[in-house]
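K.L.:
Pasting a structure here, questions to come.
The values are calculated or read from the model by the stated rules, or taken from the named source; none is laboratory data. Everything quoted here is computed from the prediction, not taken from an experiment. Every residue, glycine as well, gets a Cβ built from its backbone with ideal geometry; the counts of neighbours run over all protein chains shown. Keep in mind that these areas ignore ligands, DNA and RNA; they rest on the heavy atoms of the full protein, side chains included. Shrake-Rupley method; radii C 1.70, N 1.55, O 1.52, S 1.80 Å.
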Amino acid sequence: MLIDIQQANANAIAAIQASQPVLKGIGTALEVVPGMKKNLILHAGPPITWERMSGPLRGAVMGALIYEGLANTPEEAEKLAATDKIEYSPWHEHDGVGPMAGVGTASMPVWILEEQKGGRKTFCTLNEGLGKVLRYGAYSEEVITRLKWMETVLAPVLKAAIPLAPEINLKNMIAQALQMGDEVHNRNKAATSLLIRELAPAIVKTSFPEADKARVLEFMHSNDHFFLNLSMPAAKMMLQAAEWIEGSTIVTTMCRNGTDFGIRVAGLKERWFTGQAQIVKGLLFPGFSEEDCNPDIGDSAITETCGLGGFSMAAAPAIVKFVGGTVNDAMNFTRKMYEITDGESQAFQIPNMEFRGSPLGINLLKVCEKNLLPQINTGIAHKKAGVGQVGAGLVNPPLKCFEDALEAYVEKYCKDE
Amino acid sequence: MLKDFFGKKVKVINLGIASFAEDLRKQGVETIHTDWRPPAGGNKKIQALLDKVASWQSKVKSAKGAR
């Protein structure tokens with residue numbers, strides 16, 4: 001095969017750079033997510049069975065079954081979840097992403113993003129806030145009540161408002177947020193504010209009761225992570241543009257289900273390479289210790305895969321107060337990531353590095369050769385179902401994912417060398 | 001050679017572990033640190049796989065150049 005890897009990777013990065021994700025609207029998962037079914041539960045990370053799921057993912061599945069009316073109690077939900085009546089699939093195989101446990105079911109409202117020139121779409125649920133929330137594995141009554149409010153008030157109001165607002169180009173919005181101290185993984189304060197600025201006048205123009213409109217604005221305002229569920233599908237859309245370019249060694253997916261960390265590579269179509277999800281080191285909420293922490297979980301590492309999050313921490317020095325480390329560490333994380341990437345983002349620029357583009361396009365070969373792993377920052381879930389978030393911190397993928405991918409790459413392209 | 005070494009000011013280039021350089025600096029020794037790691041972290045299996053990719057790419061580039 002006459003494939004020039006350098007050229008294939010340049011093509012992959014050019015495709016990512018050219019992608020322009022825009023906010024199209026809001027839909028119900030059953031109606032808009034490809035392959036969605038009433039008995040299907042989408043989750044974060046690579047494929048996994050109920051038996052191997054960690055506590056927070058199990059908790060989120062149980063909560064989702066109660067939310068869907070398929071079970072009345074956590075005990076009923078736990079029994080049902082273990083049967084073949086319920087199917088599981090990764091969001092990534094349905095053009096979507098889910099933060100933390102990332103559980104998505106048929107009735108849930110989802111953001112719909114579309115490539116500006118038309119065509120591809122990506123999806124993500126709406127962000128619930130911090131603390132006791134489904135995505136961290138909590139399933140108490142307050143969690144279900146909030147999800148129902150999101151389905152019946154938040155989503156309809158936003159769905160009506162989006163067509164009344166100017167087109168929201170999420171790539172541009174992320175680029176602006178990086179100039180304002182976000183890295184749009186664990187710091188979304190500026191991006192959420194920018195989103196509210198665009199949507200608020202449109203929300204006011206809708207015909208919903210004043211109290212509902214006020215509550216929607218309060219909900220968005222009270223949740224600094226509201227934009228995360230847009231930065232993630234935006235990153236997913238950009239990276240999908242590089243799938244599945246023959247011969248390319250650019251990583252297009254990094255994600256975790258709380259048990260396994262999984263990656264996919266542009267030139268190795270749809271194949272998962274997994275290793276054990278690692279324990280996150282970081283800052284814990286009062287009353288919790290490392291003993292309480294579940295291993296790394298969530299699809300949010302799609303932001304790092306796209307040059308954001310841990311790769312852009314130099315743009316967001318304040319984040320070290322949330323995930324730990326020093327400002328110097330944040331700068332160094334970004335600097336190091338240039339060693340394992342093939343490009344620099346044209347859109348995402350880092351002000352305190354003289355507006356250098358963020359490190360873009362993780363090259364599998366460089367990760368293996370330099371033995372240098374991608375840097376991820378992330379939230380930490382309690383390892384027991386039903387508890388929720390216990391902190392935030394820093395983590396790396398297991399090297400095994402990359403080593404296995406390299407082996408598969410050689411097997412496919414150059415085993416006779 | 002050793003006779004020339006002792007009694008003279010030592011200047012050090014440190015490869016690999018950064019704390020070695022830090023310790024020398026604390027003792028007033030002029031030290032430059034290089035963040036060097038063995039390729040593939042010294043993993044021979046991974047190095048062999050990377051060599052296969054490099055060999056293939058070398059042939060690809062030659063073939064393209066010959067066109």
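K.L.:
Out of all the residues in region A:346-358, is one or more farther than 13 Å from residue A:16 by Cβ, within 14 Å of chain B (Cβ to nearest Cβ), in contact (Cβ under 8 Å) with a residue 24 or more places away in the chain and within 21 Å of the chain's Cα centre (by Cα)?
P.N.:
No, every residue in region A:346-358 fails to be farther than 13 Å from residue A:16 by Cβ, within 14 Å of chain B (Cβ to nearest Cβ), in contact (Cβ under 8 Å) with a residue 24 or more places away in the chain and within 21 Å of the chain's Cα centre (by Cα).
K.L.:
Which of the residues belonging to region A:1-22 are outside any helix (DSSP H, G or I) and either within 14 Å of another protein chain (Cβ to nearest Cβ) or charged (D, E, K, R) (or both)?
P.N.:
Hits for region A:1-22 are A:1, A:2, A:3, A:4.
K.L.:
Further, regarding this structure: Return the residues of region B:11-42 that are free of Cβ contacts under 8 Å to residues at least 12 places away in the same chain and either among the polar types (S, T, N, Q) or within 10 Å of chain A (Cβ to nearest Cβ) (or both); say none if nothing qualifies.
P.N.:
B:19, B:27, B:38, B:39, B:40, B:41, B:42 - these are the residues of region B:11-42 that are free of Cβ contacts under 8 Å to residues at least 12 places away in the same chain and either among the polar types (S, T, N, Q) or within 10 Å of chain A (Cβ to nearest Cβ) (or both).
K.L.:
Also, quick follow-up: Return yes or no: is residue A:339 at pLDDT 95 or above, within 14 Å of chain B (Cβ to nearest Cβ) and in a loop (DSSP other than H, G, I, E, B)?
P.N.:
When the stated conditions are applied, residue A:339 passes them.
K.L.:
Just one of the numbered conditions (1) under 20 Å from residue A:413 (Cβ atoms); (2) surrounded by 11 or more Cβ atoms within 10 Å (Cβ to Cβ); (3) out of contact with any helix residue (DSSP H, G or I) (no Cβ under 9 Å at 6 or more places or on another chain); (4) not hydroxyl-bearing (Ser, Thr, Tyr) is not true of residue B:25; which one?
P.N.:
Residue B:25 satisfies every listed condition except (1).
K.L.:
Could you say which residue among B:52, B:45, B:64 is modelled with pLDDT under 90, in a helix (DSSP H, G or I) and within 14 Å of another protein chain (Cβ to nearest Cβ)?
P.N.:
Matching residue, one of B:52, B:45, B:64: B:64.
K.L.:
From the list A:374, A:397, exactly one residue is away from chain B (no Cβ under 14 Å), part of a loop (DSSP other than H, G, I, E, B) and touching an Asp or Glu at 6+ places or on another chain (Cβ under 6 Å). Which is it?
P.N.:
A:374
K.L.:
Among (1) away from every other protein chain (no Cβ under 14 Å); (2) farther than 15 Å from residue A:107 by Cα; (3) in a helix (DSSP H, G or I), where does residue A:25 come up short?
P.N.:
(3)
K.L.:
Let me ask something else. For region A:80-101, which positions are touching a Leu at 6+ places or on another chain (Cβ under 7 Å) and not in a strand (DSSP E or B)?
P.N.:
Across region A:80-101, the qualifying residues are A:80, A:81, A:86, A:91, A:94, A:98, A:99, A:101.
K.L.:
Right, here's the next one. From the set of residues in region B:1-42 that are part of a helix (DSSP H, G or I) and among the aromatic types (Phe, Trp, Tyr), which is modelled with the highest pLDDT?
P.N.:
B:20
K.L.:
Which of the residues belonging to region A:34-63 are open to solvent by less than 10 Å² (accessible area, probe 1.4 Å) and of a type in the set (Val, Ile, Thr)?
P.N.:
A:41, A:61 - these are the residues of region A:34-63 that are open to solvent by less than 10 Å² (accessible area, probe 1.4 Å) and of a type in the set (Val, Ile, Thr).
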